[in-house]
Amino acid sequence: MDQKVIENGEYLIVQKVDGEQIRVMRFTPKQKILIEKLKFDADNAFGKPYGLFEIVGGDCIPMTAQKLRDEIEEQDAALSVMSKKEDLTTGDSVDSSCEEKPSERVVIAPSALKLEPEQKRQKLVQDEVLEMKKQGTTGNELVAKLVEGSASFNTRTTYSQSKYIKRKSKKHSDRVLILRPTIRLLAKSYYMKDPDRIAMLRNDQLGLILQMAGIHHSKNVIVFEQNLGLITSAIIERLGGKGACIHIHRGAIAQSIPCVHSMNYDEQTLSTFLPVRIGCVLAGKQLPYDNQRKNGTDEEDLDVRAADVKELTAEEEEALVRRNDRLAKEKLAMDLIENGQTHSLIIGSRTIDPINVLEQFYHKLAPASTIVIYSPHLNVLVESYEWLVKNYAINLNITNQMCRVLQVLPDRTHPLMSQHIAGGHILSAIKVLSAENSS
Amino acid sequence: MDQKVIENGEYLIVQKVDGEQIRVMRFTPKQKILIEKLKFDADNAFGKPYGLFEIVGGDCIPMTAQKLRDEIEEQDAALSVMSKKEDLTTGDSVDSSCEEKPSERVVIAPSALKLEPEQKRQKLVQDEVLEMKKQGTTGNELVAKLVEGSASFNTRTTYSQSKYIKRKSKKHSDRVLILRPTIRLLAKSYYMKDPDRIAMLRNDQLGLILQMAGIHHSKNVIVFEQNLGLITSAIIERLGGKGACIHIHRGAIAQSIPCVHSMNYDEQTLSTFLPVRIGCVLAGKQLPYDNQRKNGTDEEDLDVRAADVKELTAEEEEALVRRNDRLAKEKLAMDLIENGQTHSLIIGSRTIDPINVLEQFYHKLAPASTIVIYSPHLNVLVESYEWLVKNYAINLNITNQMCRVLQVLPDRTHPLMSQHIAGGHILSAIKVLSAENSS
Amino acid sequence: MPVQQAISVDEKDTASFLKYDDRIQEGDTVIVYVTYGQTLSIIVKRGQTCMMKYGALRHEFIIGKRYGCRLSATAGYVYILRPSSELWTRSLPRRTQILYTADCAVILQLLDCKPGSVICESGTGSGSLSHAIAMSIAPNGHLYTHDIDETRTKKVEQEFREHGLSEITTPVVQNVCTDGFFVTNSCDGVFLDVPAPWEAIKHAANAISRSRGGRLVSFSPCIEQVQRACLAMRKCGFIQIETIEVVPTTYKIVSQHRQTLADFEEAGDAYPKTEDSRRKRKLDAENGESLSCQAPIRKGTSIVFPYQQPTHTGYLTHATLMPETPDL
Amino acid sequence: MPVQQAISVDEKDTASFLKYDDRIQEGDTVIVYVTYGQTLSIIVKRGQTCMMKYGALRHEFIIGKRYGCRLSATAGYVYILRPSSELWTRSLPRRTQILYTADCAVILQLLDCKPGSVICESGTGSGSLSHAIAMSIAPNGHLYTHDIDETRTKKVEQEFREHGLSEITTPVVQNVCTDGFFVTNSCDGVFLDVPAPWEAIKHAANAISRSRGGRLVSFSPCIEQVQRACLAMRKCGFIQIETIEVVPTTYKIVSQHRQTLADFEEAGDAYPKTEDSRRKRKLDAENGESLSCQAPIRKGTSIVFPYQQPTHTGYLTHATLMPETPDL
């Protein structure tokens, strides 16, 4: 099922090592991939295994794990010389060298040294750096040179050293990860890039939604979300090709769901994706297709539709097949809802009042179903909570959670100084039967 | 000004070393002080300097800082033998021994050792412990013995060791701190004991209120609070005997303000405390005293009034003097308000709608005054925010903050596993003049 | 046509924790929901009786009822719920400190768990996370869960059998720090919750598929464990090493009290006490949620509750091991 | 009768940052509030002009105006505010990384600062905390603030003079880690913000009054610094050693969008963008607060904003040194 090498037309995750961006993009021939000032040709990546690459002159050279390990050993050896400490017994096994205490490597420098301006300390001039880059010096080599060139490096506090190395690494690192998208990486990518459009839904909270809803293989789930398809896509993945992810959407076709498209799902996996039009939900029955209606004008679907446009001649027939497939899936989904065969309702709200969605679906859920509502606004959930209590829900719970990244470096360990912290709240509950309906 | 020794009738903070409670109590003759199962006579504390005491047989024996240092040195020596490591060069100065790396002292034990039931490991039986206690063995000695008696102590992970020592220490420690109350300790005491009654106001948030309001010597401040006098008392302290802390209160006399009473303020410091009845505020003028009205029935004032009751014969005259004093202060306060001589309004809300308080006082504040509103409920502050924007306030800011305690122990450092986390939100603003009033 | 296949919800071979029958059958594991704080997991068996806060409930009464039903016990009502990994975490018999749902949920995300994933775990503990992983990788993935304590692996093995998860799980008695994992060069993810994770990391690297690469997540309460683990991960060639901490906060809905100064002067601050549920009749008390909504005279609002909450469980350090690709 | 004394608000000898005159005089330090993000501190002086985002403002126009007034500059409106330690922290000329108000506020509490307190601080840095301390201990306390960089102490000395705080402050050029503090056996509290606090702790113990005892607060970004500092504190006889971390979150008020499914089907989610302030006229823009309230068509609600915020500044370790009482 899983491909081993990068293929033409695939959605991929591109990320610089220690970079700040995680980009989701579709690799097509002759495309120039640009990420945080690093540039390479998509063509050079095709046919190579997913993983870590070093970019040298626009080419992608794969890095193996072994190569990385060797490199790290070299670096560590160099560092231990640099810190002018006696070498530890080098005959040690890997095991005991892993146990090396953090404090043995770098000692926090005594306080209170006057800092000189950066320019004075830095002997390598800008021109030299540019020259070396032109000659194909890799990022890591450059950083090493820059560190050497900084006369006062050893006298600065390790705190500034760390900042220094980091700054330099960021500027010159030429390593890039090219990976198959995962829900985790997609979530992080959108959260960093445009938290507003996914209603600030973080990966950790997405996980909680799935866990509270109890999503797993073969389950039937109703989802209404305003999170660019992130929740929907995560459900599809967890269903693993069996069950139903009933996706309630605006307009004639499911739109604004880039997180579903970019996961490169195979046909079997995608078979559980059952889009249902809001119009049908509101009408209480399946409606015929309205061709006059504008189908999805959002940017996210542009490339999908752009691809369609190419085969204009066969378009009509294909469109008919696709439409029939959509209608069949929609019918299936609506039957599951009407027959009380859905076991979970997930609402990922950004602007929608969850109560309005609850009113549409809650009463049709099978008893013992799970309900999970995500919203950036706590007050919205307070009202949903009260609605649920009145409608025979138990096990109600409202949480939010802090998620903080730590910098873990010898003698410089602390939570990151600044991070994205926006997030939402999660309300979860279980529907039960009233006393009268229980017997 | 500051007393040096514990006196009869004083409010004091009592806290066991590493205990969980911080108690505020008034020490009176023949009183038995009981804290977390430790008992001693208040009489034994009178005349001794505030500080750390060891309780042996109901007596309080002062501990000096020097004694503590000696003891710690001993312990460390014992520990370093226990950890079977070669002693570090003992001739080192204090300076370098302070630099001792955490990881050098205790090594995290290898994983995966089966744990036997506690009873099996613990050779010292309960009877022996009781016997030793009767013989006056101090808490520290007992813990040492218990640790010795635990056969598998050294084979357990240090994480459990730490928990073990802590559990034992808590059970047997006989050390107690007797201190003069400070705002910090009062805040912590009430927050731990009864967060509900101070509307979950934490010490760190109290600090932020004072800082955003800009409270300092000689300022005139209006405060309405429902936090047991905690905010009021903090303002009184920061005024340092000059300025005005105009305290808006319910009923005929200021009630439910134990945090003011228990600070043992001298007359000069208390002179800035100007209580004003809500009745007068609502009436827009000073009202005569209504004797029929019940004066403060809350528990907090009981001891104050109990003290009054003793001198029943002189009571009437004294009451008259006090009432005249109260009326004079109230008049002063109301004049300051009416004349636009107040520069800060602080609202510590628990049940009050801050907007109602703003409506009473905001327009009478001097321009450029600071407004700070505390509430456990964010939605209340959202509405106050909107009110303030409409009424020429700028520099608006809503924050809350996490405050977390860390356990810092060699190889066992982490945030406490469980803590009180309830808190509130703080809205701050500055009143400005409209364009018309600016010239 | 895959669509038809996708929605068949009732197959003989689906496991107990994964199946969605409408009615409860003998042999099913069900969750008896007593209060928010008390949920019990029982295997329904004729002749047996479940004892809890609200008295006794004979299993006979449960069989044939619908999931989600409300049943009378001798001293109150309970609800019968479907088992889920979240409810299991709250109901399981605890043999050790367990991982709670907030951490389990994040760990599944960090391991990229999905149907078909092969995951190694150590230690098994009480099987809280083990169940969460097994549910997420069903029906064609596999979980190898390691513990040094045989009683624990035996117990979780039995639970997996009862819950229809035994075919996708293999409990192993093995010290992963000294002896490595049960499999090598084959899994997609390794989870570590051991006192000295740095000892296990090179073994984790060996367990991960060399052609696919994989994910590593290590849970540790102390920062020093994290520091050593990070060094070890770096040495073993892991990349994108990141340490995060997730701290959930739970809220409670209460009715909001908003007084004017005049109200307050008149009545004082009769703030709705959190403990004033004494007047509640048993019927109200049977689930913890009804407190504020029985008489919604005032607007609801949320407060952080309880005042004291977990503020730390452990740090989660996660990293990626790249496939061992040949140089091209 | 102390009451009369307590409310005299206008004395000749009170300092500039402490006095509460109604009208602005020449020589006063005032805060020019341009936007929420831009506040300037200026000393009002005839003939000078203040340049900022909204153009130029001649000081002549400020003199004699009331604090809190709104004034026209050449390209917009500004407000003239009284200086406070909070506004100073946001407006001061930064020479180093500074301590912000959330930390300053907690530090004052942990040091038990009040009028009369004698406090030692190191380093002075840009004087953000120094001002906060000085304001809180006035009029009869004293602050000794130490830094190794003379340009910094000189600068803060000048600022203290301009702000009427020089009598209660003494800036000192001294490395407290090697040479200790300016005073011994006399202060009530010591604050440390130095890279190697453990080197300064025995000196802190020496600076604290032996008869009164005192408080110590140490600020450090890294946990390793905290670990060493805690060991040093314990060795030097400090008790009740506690490390805390305070992380503030700021909110913003936006109008809430609550759609029904029908609304959404019809109109899409035209969520109020955070950046759609382009249509705002300059008049609205002049203070950052007016965004949502100009047209309160919808109910206001709060969101965490900005999305990225400070999540760590440093750990605060605080401890108490008991008085050296004689054995009784």
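The values are calculated or read from the model by the stated rules, or taken from the named source; none is laboratory data. Keep in mind it's a predicted model, so treat the numbers as computed, not measured. Neighbour counts are summed over all protein chains in view; Cβ atoms, including those assigned to glycine, are modelled from backbone coordinates with ideal geometry.
Couple of notes before you dig in:
- If the condition is being touching a strand residue (DSSP E or B) at 6+ places or on another chain (Cβ under 8 Å), small (Gly, Ala, Ser) and assigned to a loop (DSSP other than H, G, I, E, B), then region B:177-228 contributes B:Ala199, B:Gly214.
- Selection within region B:13-57 - more than 10 Å from chain D (Cβ to nearest Cβ), under 20 Å from D:Ile239 (Cα atoms) and basic (Lys, Arg): B:Lys16, B:Arg23
- Verdict on C:Ser128 being polar (S, T, N, Q), in contact with a strand residue (DSSP E or B) (Cβ under 7 Å, 6 or more places away or on another chain) and under 27 Å from C:Leu216 (Cα atoms): no
Okay, residues lined up against (1) surrounded by fewer than 22 Cβ atoms within 10 Å (Cβ to Cβ); (2) within 17 Å of B:Ala368 (Cα to Cα):
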position	(1), (2)
D:Phe61	yes, no
D:Thr74	yes, no
D:Arg82	no, yes
D:Leu92	yes, no
D:Gln109	no, no
D:Gly116	yes, no
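- Residue list for region C:289-328, restricted to those being in a loop (DSSP other than H, G, I, E, B), of a type outside the set (Asp, Glu), surrounded by 17 or more Cβ atoms within 10 Å (Cβ to Cβ) and at pLDDT below 55: C:Cys293
- Region B:335-353, residues that are touching a Ser or Thr at 6+ places or on another chain (Cβ under 9 Å), touching a residue at least 60 places away in the same chain (Cβ under 8 Å) and within 10 Å of another protein chain (Cβ to nearest Cβ): B:Leu336, B:Thr342, B:His343, B:Ser344, B:Ser349, B:Arg350, B:Ile352
- Matching residues, region B:37-56, being touching a residue at least 40 places away in the same chain (Cβ under 8 Å) and touching a Lys or Arg at 6+ places or on another chain (Cβ under 8 Å): B:Leu38, B:Phe40, B:Pro49, B:Tyr50, B:Leu52, B:Phe53, B:Glu54, B:Ile55
- Tally, over region A:396-433, of residues that are of a type outside the set (A, V, I, L, M, F, W, C), under 26 Å from C:Trp88 (Cβ atoms) and facing another protein chain (nearest Cβ under 7 Å): 5
- Residue within region A:387-395 that is facing another protein chain (nearest Cβ under 7 Å) and either in contact (Cβ under 8 Å) with a residue 40 or more places away in the chain or within 30 Å of D:Pro306 (Cα to Cα) (or both) present: no
- The residues on offer are D:Arg210, D:Arg228, D:Arg215, D:Arg234, and the sole one that is within 10 Å of chain B (Cβ to nearest Cβ) and free of Cβ contacts under 8 Å to residues at least 24 places away in the same chain is D:Arg234.
- Residue among C:Gly189, C:Gly180 that alone is among the small types (Gly, Ala, Ser), at pLDDT 95 or above and crowded, with 24+ Cβ neighbours inside 10 Å: C:Gly189
- Any hit, region A:380-394, residues being at pLDDT 95 or above, in contact with a strand residue (DSSP E or B) (Cβ under 8 Å, 6 or more places away or on another chain) and in a strand (DSSP E or B): yes
- Scanning region B:242-273 for residues that are under 21 Å from the mean Cα position of the chain (by Cα) and in a loop (DSSP other than H, G, I, E, B) yields B:Ala254, B:Gln255, B:Ser256, B:Ile257, B:Ser262, B:Met263, B:Asn264, B:Tyr265, B:Asp266.
- Set D:Ala134, D:Ala138: member being hydrophobic (A, V, I, L, M, F, W, C) and out of contact with any strand residue (DSSP E or B) (no Cβ under 7 Å at 6 or more places or on another chain): D:Ala138
Here is a yes/no grid of residues against (1) free of Cβ contacts under 8 Å to residues at least 40 places away in the same chain; (2) of a type in the set (Val, Ile, Thr); (3) buried (at least 24 other Cβ atoms within 10 Å of the Cβ):
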position: A:Ser218; (1), (2), (3): yes, no, yes
position: A:Ile231; (1), (2), (3): no, yes, yes
position: A:Ile246; (1), (2), (3): no, yes, yes
position: A:Gln255; (1), (2), (3): no, no, no
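- Options A:Arg350, A:Arg412; residue that is touching a Cys at 6+ places or on another chain (Cβ under 6 Å), among the basic types (Lys, Arg) and surrounded by 19 or more Cβ atoms within 10 Å (Cβ to Cβ): A:Arg412
- Looking only at region D:76-104, and only at residues there that are part of a loop (DSSP other than H, G, I, E, B) and farther than 15 Å from D:Val30 by Cβ, the one that is farthest from the other protein chains (Cβ to nearest Cβ): D:Pro93
- Residue within region D:162-169 that is over 21 Å from D:Lys19 (Cβ atoms) and assigned by TED's automatic domain parsing to the domain that holds D:Arg95 present: no
- Only a single criterion out of (1) farther than 30 Å from A:Pro195 by Cβ; (2) touching a helix residue (DSSP H, G or I) at 6+ places or on another chain (Cβ under 8 Å) is not satisfied by A:Ala435, namely (2).
- Of residues in region C:171-201 being more than 14 Å from chain B (Cβ to nearest Cβ) and in contact with an Asp or Glu (Cβ under 9 Å, 6 or more places away or on another chain), the one nearest to B:Ser418 (Cα to Cα): C:Phe191
- Only one entry of A:Glu225, A:Glu237 meets the criterion of being within 11 Å of chain C (Cβ to nearest Cβ) and among the acidic types (Asp, Glu), and that entry is A:Glu237.
- Checked against the criterion of being facing another protein chain (nearest Cβ under 7 Å) and either touching a residue at least 24 places away in the same chain (Cβ under 8 Å) or under 22 Å from the mean Cα position of the chain (by Cα) (or both), region D:41-64 contains not a single residue that satisfies it.
- So C:Thr243, is it at pLDDT 95 or above, crowded, with 20+ Cβ neighbours inside 10 Å and in contact with a Phe, Trp or Tyr (Cβ under 8 Å, 6 or more places away or on another chain): yes
- Residues located in region C:16-39, provided they are farther than 21 Å from A:Ala366 by Cβ and at pLDDT below 95: C:Thr35, C:Tyr36, C:Gly37, C:Gln38
- Residue within region B:412-426 that is part of a helix (DSSP H, G or I), within 28 Å of the chain's Cα centre (by Cα) and in contact (Cβ under 8 Å) with a residue 12 or more places away in the chain present: no
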